Amino acid sequence: MASPREDIQQAINSMNLFDTWKNATGDFIYPIFTSISKNKSDRIMTRNIDIHEVSNCVREVTLIQKHGWDVAVESQIKKMAHDLDITEKLPLLLPIQ
């Protein structure tokens, strides 16, 4: 996180959030997930990361991702579209999900 405004950057720095990893002991992993297409379904994704110590120098990392799309989620989206009076957009919106 950063800001071109010096006062905001100082406030961000004062939180000491970004250097906490420097004092970490043991292994950690920092995956970054991004959506570069029009699919914005991160809100219904679950991710599990497991780090298994094979030896002093070797770690086995397992990442499991599951997409939580189901009939209930589709129903919620359809209801929201109805409430917002944009049901004509559903043929475009549903495939994005």
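Structure above, values below:
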item: Flag for Ser35 being assigned to a loop (DSSP other than H, G, I, E, B) and either surrounded by 10 or more Cβ atoms within 10 Å (Cβ to Cβ) or modelled with pLDDT of 90 or more (or both); result: yes
item: Selection from the stretch 59-89 of residues that are assigned to a helix (DSSP H, G or I), under 28 Å from Arg47 (Cβ atoms) and free of Cβ contacts under 8 Å to residues at least 24 places away in the same chain; result: Val71, Ala72, Glu74, Ser75, Gln76, Ile77, Lys78, Lys79, Met80, Ala81
item: Boolean, Asp50 is in contact (Cβ under 8 Å) with a residue 12 or more places away in the chain and surrounded by fewer than 11 Cβ atoms within 10 Å (Cβ to Cβ); result: yes
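The values are calculated or read from the model by the stated rules, or taken from the named source; none is laboratory data. The shown structure was predicted, so the numbers you read here are calculated from the model rather than taken from an experiment. For neighbour counting, all protein chains shown are included, and Cβ atoms are generated from backbone atoms with ideal geometry for every residue, glycine included.
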